[in-house]
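Only one structure is covered here, and it is reproduced in the block below.
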Amino acid sequence: MPIDVRTVGALTLLFGLQPTKLLELTVHDIVDDETATVLNLDGQRIPLPPKVARLVRVLRDRCQERWQFNQTASTTPWLFPGQEPARPLGATYLSLKLRQHGITPLAGRNSARLALAADLPASVLADFTATSISNATR
């Protein structure tokens, strides 16, 4: 399975994040400090489990290398770059790639959100998953 599909699938299934939200990430949103690898998502630092962190670091490093060659074409080093260096991968294309590899983004995202709802207050869940508080409460 391609590294971008594995990474989006893992982040979607683990955290219930929308693939469109993930497409906004740049290589700078993956931060390695002394203790962990974290995902900087809208100012929130989300620690990643070790196996997911390895996936994300590999993808980040590949995209960083690709961006180094195309800096004149793009000022943004996307974590999920599209065919044109100045734009991230398209959401429709990403959803298609996920489905081709057996990952159903909507069902997986909903399952992850249900699991998170058992551990997080509705206001935190709503903020984290970019959904409404009424939806998070339900």
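The values are calculated or read from the model by the stated rules, or taken from the named source; none is laboratory data. Predicted model only: the values in this text are computed from it and were never measured. Please note: Cβ atoms are built from the backbone with ideal geometry, for glycine as well, and neighbour counts cover all protein chains shown. Side chains included, ligands, DNA and RNA excluded: accessible areas come from the protein's heavy atoms. Shrake-Rupley method; radii C 1.70, N 1.55, O 1.52, S 1.80 Å.
A few points about this structure:
- Which numbered condition Arg54 fails, given (1) of a type outside the set (Gly, Ala, Ser); (2) within 20 Å of Val5 (Cα to Cα); (3) at pLDDT below 85: (3)
- Matching option when the condition is among the polar types (S, T, N, Q) and modelled with pLDDT of 75 or more, among Gln83, Gln71: Gln83
- Failed criterion for Trp78 (all others in (1) at pLDDT below 85; (2) aromatic (Phe, Trp, Tyr); (3) open to solvent by 50 Å² or more (accessible area, probe 1.4 Å) hold): (3)
- Annotation: of all residues in segment 8-55 being of a type in the set (D, E, K, R) and under 19 Å from Thr75 (Cα atoms), the one that is least open to solvent (accessible area, probe 1.4 Å) is Asp29.
- Any pair with Cβ under 7 angstrom, 6 or more apart, that starts in segment 17-28 at a residue that is free of Cβ contacts under 8 Å to residues at least 60 places away in the same chain and more than 17 Å from Lys97 (Cα to Cα) and ends at one that is in a loop (DSSP other than H, G, I, E, B) and of a type in the set (S, T, N, Q): Thr26/Thr76
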